[in-house]
Amino acid sequence: MRVKVRIRCKQCGERFVLRGKREKGRIETGFKQCLCSNENDFEIEEDHL
Ligand SMILES: [Zn+2]
């Protein structure tokens, strides 16, 4: 299932919009970390395409 994912960094407020896919209950986007090196502290919203 293809999804659009909105990610907001809770540390610096940077936003990202990515295409990804949902697999086995998790979302695969290839997103690794924010520009500020934050890797874990995000708000994630998912839109179904
Ligand atoms: Zn950040």
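Some notes on this structure:
- Using C-alpha pairs below 8 Å separated by at least 6 residues, the relative contact order for the chain is 48 percent.
- Using the Cβ of residue 5 as centre and a radius below 12 Å, the other residues enclosed give a net charge of +4, where K and R count +1 and D and E count -1.
- The distance between label points at residue 38 and residue 4 comes to 2.2 nm (points 7 Å beyond Cα on the Cα→Cβ vector).
- Size of the chain: Rg and Dmax of its alpha carbons, in Å, are 10.6, 30.
- Placed amide H near residue 14: partners under 5 Å, 5+ positions off or other chain: 9
Computed from the coordinates by the stated procedures, all read-outs in this text should not be read as laboratory data. Here the structure is a predicted model, which is why all the values come from computation and not from measurement. We place every Cβ from the backbone using ideal geometry, glycine too, and count neighbours over all the protein chains shown.
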